[in-house]
1. What is the mean number of Cβ atoms from other protein chains located within 10 Å of the Cβ atom of each residue in peptide B:87-97, rounded to a whole number?
2. Give me the distance in nm between label points sitting 7 Å out from Cα along the Cα-to-Cβ direction at B:Leu145 and B:Asn68, one decimal.
3. On full extension of the chain, what length is gained from A:Met213 through A:Leu61, given 0.36 nm per residue of separation minus the C-alpha to C-alpha distance?
4. What percent do you get for the relative contact order of chain B when only Cα pairs under 8 Å and 6+ apart count?
5. Which residue fluctuates the most in chain B, going by a Gaussian network model with Cα springs under 10 Å, if the choices are B:Leu280, B:Leu375, B:Leu249?
6. Between the helical axis of B:391-403 and the dominant principal axis of chain B, each derived from Cα atoms, what acute angle in degrees is found, rounded to the nearest 10?
7. Hey, got the average number of other protein chain Cβ atoms within 10 angstrom for residues in A:152-161?
8. Along the positive direction of the dipole of the protein assembly as shown (beta-carbon charges: Lys, Arg +1; Asp, Glu -1; about the Cα centre), which of B:Asn52, B:Tyr150, A:Val282 reaches farthest?
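Derivation of every value follows stated rules applied to the coordinates shown; laboratory data play no part. Here the structure is a predicted model, which means the values were calculated and not measured. Virtual Cβ from ideal backbone geometry, glycine too; neighbours counted across all protein chains shown.
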Amino acid sequence: MSTPTIVGSLDDEQLPQTARRGRRRRASHHAEASTHHRGPLWTAAGYAGMVLVVLVIAVPLFWILLTSFKERGDIYVRPAQWWPDPVTGQNYRELTTRIPFFDYVRNSVIITSATSVAKIVLGVISAYALSLLRFPGRSVVFLVVIAALMVPNQITVISNYALVAQLGWRNTFQGIIIPLAGVAFGTFLMRNQFLSLPGEIIEAARLDGAGPMKLLWRVVMPMSWPTLVAFALITVVNEWNEYLWPFLMSDDESTAPLPVGLTFLQNNDGVTNWGPVMAGTVLAMLPILVLFLFLQRQMIKGLTAGAVKS
Amino acid sequence: MNEFSRRGFLGLAGAAGVAGLAACAGTGTSPTTGGGGGSSNTIEFWSNHPGNSKPVEQEIIKAFEAANSGLKVKLVDAGKNYEEVAQKFNASLAGGSLPDVVVVSDVTWFNFALNKQLSPLDDLLSSAKIETSDYVDALYNDYNLDDKHYALPYSRSTPLFYYNKDLWKAAGLEDRGPKDWDEFLTWAPKLKAAAGSDKIVMELPDGSNYLDWVFQNMVWGYGGAYSKEWTPTFSDPNTVKAGTYLQNLAKDGYLKLSKDPAPDFTAGIVACSMMSTGSLGGVAKDAKFPVGTAFLPGDGNCPTGGAGVGIPATISDDRKKNALKFIEFLTNAQNTVTFTQATGYMPVRKSAVDLPEEKAFLEKNPNAKTAIEQLPKTRSQDNARVLLPGGGARIGKGLDQIVQGQDVATVFKGLDAESQQVFDSQIKSKLGA
């Protein structure tokens, strides 16, 4: 007998809520409508702007994709060919036969995943130590890390090269990965994120008896998800595109990543056959694109989680 | 697992700090012991595979290993262009692991030679009894500093006059290149009329893409030069005359500069251009009209270009000896023919043109023949462009300004002053030392 009453009371509570929500929706409609009433000129200008931006970004990408399916003689013609005719897979075939493309892909995956994991782990735990654990000299350590952030890595390349060459690590994965694994940016970013967390929650967790590691995994990390994903994404994209250091370290396709490998499709004195270069660019872009689409959803999920109590 | 003692943590932090400090330790010791570990019977060859030549290089290496049992050659991808090879070589000079043989371009070799980072080859050559007189003279002497040679020619190119035969015919011109630039000036209006408003009479690379290289031909054609030995001669009346000629071509709408003229030329919208012989294969393959080639206008006015191969100065004598053996093999008549037929570069040996396979090749490729026949008419480039640090870029910038309409005499006077100052501050003290 008691259940109906509860249902009833729930309904009672919900009714005004939905009504309120409805009103709010109407109100917001109103607001939207009023912005639309800024005049057709503004609206048109807005759309024109959007179209322009899309074109600026999309046309070169579209052109890359298009060129990768064109025959060599059709790449340089006037008027430009806006659809490959005939469509050919020759460029992709040439890409995989003229250079050891899949070796470069493998190396890229190894280097990117190892450096990314190292950077993310190092970034998170060092930031955690520098923001939430108390130990002497904490701010000095932080200052040193920030100072490291200020030194562009082009400057340290020569001394890193000397060190790694002396260790006999040229043309090895550890020679490429370890010098790249140090990260100040992640420390900086994650530290600020951790500091922005409400102190009450950290304190409550400590009072409940959470040790440092439990605090990190169970309390701090879940609340920092969006920042971490953003940091991870930036790191992965950067590592995937990293050129200078892997180029200096690697000697051949046993360790060289994709950005280095793709340059061997270009002719350094004479006419480059752009078809295979574009095909390589498309294939090199794909994994990052997929990762981005996937992580972007995570990022938004993270951003909105907890924004509304429900 | 989650019990992390404060003491333990501090210990870890300290260890990490020490590791971090260790990682910062400077440039380490310099490679005194034969250059960081390279074994004496493996020859490391640092190349950018000029003209997509990696398969050919591998082929030559295989032949070398077969002919010299006990010696191995390791081909290293050292960059996408000459500048990157120089960068990688620079890094190795600081930190050991030196190559045995390295590709150095007409612009990058000099700085390494001047700082004694490349070996002078003359003594090595004479003790190995290698005859250098068979190398094409202009190409061999490009690597001369204080009567010592610091590299041997490898992937050498020259500019070539390319023209669109269809447009040439439409303008009613003879099927040949202009005799000199004055003659070209009488052709230009006809070409312009025949080509129509959407086409360009002549397109050249801009100042950041080697306009300064091909423009030497015009300068020499009018009796001027960028420099005589180390004295810049931009203000010379003849050099200024050439600059004015270039400016007028642009003013009259005959000349356009672009990052790379090859695509426009191949697309058939440019009547003529001066481009590297290295572009020959690609242009011929891509163009949908008959491509004509000719000597650069004038006589004996064609600058050389491209790259050679050198040996680092600080590696052991054994390694140097092996390296030289490999270089000699790489650039012998047979292999220079193999290499140049695959890429479009110039054979660097005089005797190469007498080989039957080269004769057959030239029979079939008349455009390649033009390039080779032009070879004896080449001239080593002016010091102000290739030997002064930043020379090419400096002159290129000046030429861009001229084409945009700035006063020729003023710009060239500025180039004189700048070149002289660079020479005084960076080169003078090291010469003859």
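1. Shielding by partners across B:87-97 averages 6.
2. In this crude spin-label approximation the distance works out to 2.4 nm.
3. Full extension from A:Met213 to A:Leu61 adds 50.3 nm.
4. On the way: 738 pairs, mean separation 101.9, N = 433.
Reported as a whole number, the value is 24 percent.
5. B:Leu249
6. 30
7. Mean inter-chain Cβ contacts per residue within 10 Å come to 4.
8. Final value for the positive-end residue is A:Val282.
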